Amino acid sequence: MSLNVSLPPELESRVREHVASGLYGSASEVIREALRLFEAYQSLQQSTLAQLRADVAQGIADKESGRIEPLDMAGIKRLGRERLGRSASAQ
């Protein structure tokens, strides 16, 4: 299959630079590699989004079932300050 692709001058220049570097034998090789990387990126995005959706669903389920408790910000700050103080005095 043959496919012609138009690129803006900046991208065309970058493709030519990659070929000139000797790492790729042709513009087609550069584009194939770019497409493989794009597909890997999309796959990672999909799995990250799926995990985020699962985490949100778990959080909603936890809230609806009463498995969460109010956040004690004062306690969190106190604990952080205590740990910071211990860390500073140990040095």
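Rule-based calculations on the coordinates, nothing more; no lab input. This structure is a prediction, so every number in the text was calculated from the model and none was measured. Cβ: placed from backbone, ideal geometry, glycine included. Neighbour counts: every protein chain shown.
Numbers at a glance
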read-out: All positions within the range 30-87 that are of a type in the set (Asp, Glu) and either in a helix (DSSP H, G or I) or surrounded by 10 or more Cβ atoms within 10 Å (Cβ to Cβ) (or both); value: GLU33, GLU39, ASP55, ASP62, GLU64, ASP72, GLU82
read-out: Residues satisfying the stated conditions in the range 1-12, i.e. part of a helix (DSSP H, G or I) and loosely packed, with under 11 Cβ neighbours inside 10 Å; value: PRO9, GLU10
read-out: Odd one out for VAL30, checked against (1) under 30 Å from ILE68 (Cα atoms); (2) in contact with a Phe, Trp or Tyr (Cβ under 8 Å, 6 or more places away or on another chain); value: (1)
read-out: Filtered residues of the range 18-49 (kept if among the small types (Gly, Ala, Ser) and touching an Asp or Glu at 6+ places or on another chain (Cβ under 9 Å)); value: ALA27
